[in-house]
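What follows is calculated from the coordinates using simple rules that are stated; it is not laboratory data. All figures in this text were calculated on a predicted structure; none of them were measured in a lab.
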Amino acid sequence: MLPHDDNRKAMPNSWTGVTNSGNSLSDALAFDIRLTYNPVVSTVFYMRISQRGIYLMRAVMRLRPPVSALLLLPLLLGCKKEAAPPPAPATPPPPPQVSEIDLKSFKPNEAGAVMIVMYHHFDPNRPDTDLNRRPETFRKDLETLYQAGYRPVTVSEFVENRMDVPAGKTPLVLTFDDSAPSQFRVTTGADGSPSIDPDCAVGIMETFSKSKPDWPMKATFFVLPRRGNNGDPFGQSDSASDKLNYLVSKGYEVANHSSTHSSMRRMSADKIRWEISTAIRDIRALAPQAQMQAIALPYGILPRKEAEPALISGEEGGTSYENRAVLLAAWRPVLSPVTKNVKRPTPTGQIAAFNPHRLERITPDARRPNTAGTLEFWLKFFQENPNLRYISDGNPKVVAVPKSMGELVDAGAVKAQGKTLQVYSLTGSGSGGRGGELSVTPSGGKSGALRVKPQTP
Ligand SMILES: [Zn+2]
């Protein structure tokens, strides 16, 4: 008689041995021998011993019970799946979007224009010009911009569309060229401790930000190393490194303004590479974390066409670089980084197309409030043409654009930035407000006939 499975079940898992399962001592004895040689399979040999010898009756290989259960599991599940009714098709999560109530109350326009403002000196003893802004006037600028709903971002945040601006507010880029001493000055108190001069640009911005917590300390400093500035950045040699490191640590951006501040008009590509790389090395020697990913052209002058690629990326002396933004000096606001780079994005040409390698800037100049190109002019312009102004929807995942601006949007750029485009129309929605559908064409009569001339800083 052959043994029962019960015997085998009683055996330890990796046990090797012999069981006498015979129940008769006639001429034959039956054994089953379990050999365990791996954890997956056990083999049972059925033997018969008689007077004529030992016979192998048969050998059976069996999967060990836990293993067989595991191997069978997918099969069982698979069968079950086939048998079960087909599951309901998974519904993709709805794309993020701005609520109608927010559209109505904020009228976001993330295809609109952004001002990049260029500052140089902050000398209280010189009049306000295109290159100088008295500290008092700069304080007023910040207050005016704040009250008009602007909030600062850096150049890199603008070109990469990483602008963290609350719903209903307009991003604004403040830039400071030449690392002039009046931009960042440190004074020593009676007790010998250094502090930031409250009348330098950084001191004014710090004070302002403290009084307005929703005005972050954001700006881009296009600095010059010692060899281009007749001195260290911001003038005070012993604190140059501390100042640059301070700016980076506070969230300001430190960027390139070349090494020697020479016009690039006739420069070779090699020389341009040297100018950019040397500036990076010199500034990073003082502040290793300085970003140096954008460049403001000295005097706003572009090099010749064939040398222009050297502005964007290159390598020299073991330093490789990539400038995500190239800034000129003049003179118009720039459309949002989700818009197409077309020659004439708005019918009357007041607003520059978005081209990160040709970013225009505007200059504060109290003497010419009615001249296109000045901060004074554009502040008034956007009051009269709110439809052209970038207004944040407050949702970093969504690019909300009124239908009238929809054609300007580069859908590929929106997608590449990992955002969702939401083109909306308020026409006929009964929302009231300032007249439903927004329009690209400026409403102001005079502004339609603008004639703008570049300014050279
Ligand atoms: Zn400069």
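Classification of region 89-246 by its C-alpha gyration tensor yields a prolate form. The axis ratio a/c (a ≥ b ≥ c) is 1.5 or more, and a/b outweighs b/c. The base-10 log of I(q)/I(0) for region 110-383, evaluated at q = 0.10, 0.11 Å⁻¹, reads -0.48, -0.59 [Debye formula, identical scatterers on Cα atoms, solvent excluded]. What relative contact order, as a whole-number percentage, does region 110-383 give when Cα pairs under 8 Å and 6 or more residues apart are counted? RCO, region 110-383: 19 percent. Classify region 263-333 from the C-alpha gyration tensor, please: rounded if a/c falls under 1.5, else prolate or oblate depending on whether a/b exceeds b/c. In terms of gyration-tensor shape, oblate.
Total lysine pairs in region 208-300 at Cα distances under 29 Å, for residues eight or more apart or on different chains: 8.
Which whole-number percentage describes the relative contact order of region 252-340, with Cα contacts under 8 Å and a sequence gap of 6 or more? Each step should come with its number before you reach the end.
Details: 138 pairs, mean separation 30.3, N = 89.
Answer for region 252-340 is 34 percent.
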